[in-house]
Amino acid sequence: MPDPISWAYAWPYLLTALACGYLLGSLPFGLLLTRIAGLGDIRKIGSGNIGATNVLRTGRKDLAALTLLFDLGKGGAAVLIGYNWGPDIALTAGFGAVLGHLFPVWLAFKGGKGVATTLGTLLAVAWPVGLAACASWLLVAGLLRYSSLAALLSLALTPLFAWWLTADLQLVEFCGLLAILVWLRHLSNIKRLIKGEESRISFRRKKD
């Protein structure tokens, strides 16, 4: 893509990046891995989410780790591939990957919470910001044992991390946009947290 390029020429590239990122992000690895392992539909277990935290509720730590890795990877891959055509394309592809995970066309637009894919996107866009977000997630999750609260707090902090570590206004706005998306997807979790009904992280398989 030429640099600089006018918006009149840029929009086809941006739309293509958004679409490709979306398709990559919409791959439901948690659902696929649990089905391949013979565990049935992960959407009928625990919270019904397709992410790593719910996969962990099956008692299969290996599958949860793989789900986390693949969900991180699809966000990161979208960004890294997009960088071949410039930073704007990379950010657009990363945004598309998060949208794809949240609203996958294959699952009637009912996807996961988007935390791992968002973190993978941030690690690829600006690894210091991504690492800071991951560290804050681990700290909150380790202390309080709430995956949702850890996600909400860590992603709310990402615009501050971006400003502090890079002073890049575009990145600050990008982090804020992703944080808003993930917060909106966590509205039900927020209600349960307020009521004291949110499930804590557990490493034991629930018995029927």
Practice task
Return, ordered by residue number, the residues of the stretch 42-72 whose backbone nitrogen is under 19 Å from a label point located 7 Å along Cα→Cβ of L32.
Solution key: 42-44, 49-56, 62-72
Problem - Which of A90, A10, G142, positive extreme of dipole for the chain (C-beta unit charges) - result: G142
Handout entry: Helix 169-185 axis, angle to the chain major axis (alpha carbon atoms, nearest 10°)
Key = 30 degrees
Problem - Dimensions in Å of the chain - Rg and Dmax from alpha carbons - result: 17.1, 60
Practice task
Let me know the charge dipole size of the chain about its Cα centre in debye, to the nearest 20, where only the beta-carbon of Lys, Arg (+1) and Asp, Glu (-1) is charged.
Solution key: 1340 debye
Fill in the blank from the handout: Counting lysine pairs in the stretch 7-195 that sit 8 or more positions apart or on different chains, with Cα atoms under 22 Å apart, gives 11
Practice task
Taking only the C-alpha atoms, wrap a convex hull around the stretch 78-151 and report its volume per residue in Å³ as a whole number.
Solution key: 78 Å³
Exercise for the section: Provide Rg and Dmax in Å for the stretch 126-194, with only Cα atoms included in the calculation. Expected result: 12.1, 35
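Any read-out appearing in this document is the output of simple, stated calculations on the displayed coordinates, not a laboratory observation. The shown structure was predicted, so the numbers you read here are calculated from the model rather than taken from an experiment. When we count neighbours, we look across all protein chains shown, and the Cβ atoms used for this are built from the backbone with ideal geometry, even at glycine.
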